[in-house]
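Everything below concerns the one structure shown next.
The values are calculated or read from the model by the stated rules, or taken from the named source; none is laboratory data. As the structure is a computational prediction, the values presented were derived from the model and not from experiment. Glycine also receives a Cβ, built like all others from the backbone with ideal geometry; neighbour counts cover every protein chain displayed. Accessible surface areas use protein heavy atoms only, side chains included; no ligands, DNA or RNA. Shrake-Rupley method; radii C 1.70, N 1.55, O 1.52, S 1.80 Å.
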Amino acid sequence: MKIERVTIVDDHIVRSFSRLIPQLTGSVKYPSREELEEVIKSENSYLFIATIDGEVTGSLTLLFNRLTTGLKGWIEDVVVDEAARGKGVATALIGHALKIAEENEVFHVDLTSQPVREAANRLYLKMGFTRRETNVYRYYFQ
Ligand SMILES: CC(C)(COP(=O)(O)OP(=O)(O)OC[C@H]1O[C@@H](n2cnc3c(N)ncnc32)[C@H](O)[C@@H]1OP(=O)(O)O)[C@@H](O)C(=O)NCCC(=O)NCCS
């Protein structure tokens with residue numbers, strides 16, 4: 001298994017994300033080539049993929065936020081292809097993201113996960129994340 005940062009959005013990457021993202025969101029919508037390019041262009045976003053035999057089997061995005069309280073890391077959009085689950089792909093992706101975050105001297109790395117995502121919640125606890133008591137708010141436009 002290889003974990004790497006996406007630096008070029010080619011047809012293979014576009015196709016891979018059109019397969020992966022609906023498995024995360026449960027929606028048929030997936031990112032366009034332009035949207036993927038916007039993600040990798042941002043110097044605060046690291047888009048990582050896991051590949052096995054050249055096939056993209058999983059992905060996550062690591063974000064860096066420079067705030068008045070320090071440099072914080074954030075992990076978003078963790079997803080592994082259904083056919084490749086249970087083989088340590090997410091573990092490898094998160095382990096890699098944490099290593100990069102540590103190298104960048106972030107204060108801590110946050111993520112959120114809905115309780116209904118049992119596999120994800122178990123994975124994060126297993127990897128050493130601790131559950132914090134906080135309320136997560138969202139403001140919707142429209
Ligand atoms: C959550 C997810 C990313 C895990 O990916 P994965 O590559 O299968 O995970 P790993 O093989 O690295 O498993 C690591 C640990 O996660 C937990 N886990 C994985 N699959 C699980 C399942 N079906 N049920 C319960 N726990 C599970 C276990 O603790 C496991 O460790 P173990 O194998 O020693 O028991 C994957 O199931 C997925 O993409 N789910 C849909 C999208 C999603 O929920 N994303 C998270 C958004 S917050």
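Descriptive notes on the structure:
- Accessible area of the range 85-142 divided out per residue, in Å², using a probe of 1.4 angstrom: 87
- With both labels modelled 7 Å from their Cα along Cα-to-Cβ, the Met1 to Arg15 distance reads 2.3 nm.
- R0 of 25 Å, Cβ-Cβ distance Thr68-Tyr139: FRET efficiency to nearest 0.05: 0.75
- If you wrap the tightest convex hull around every Cα atom of the range 1-72 and split its volume per residue, you get 103 Å³.
- Descending Cα extents along the principal axes, the range 34-74, whole Å: 43, 21, 10
- In the range 2-126, lysine pairs closer than 27 Å at Cα, eight or more apart or cross-chain: 15
- Measuring nothing but protein heavy atoms, the accessible surface of the chain at 1.4 Å probe radius is 51 percent carbon and sulfur.
- Reduced Cα scattering model of the chain, Debye log10 I(q)/I(0), q = 0.13, 0.15, 0.17 Å⁻¹: -0.59, -0.80, -1.04
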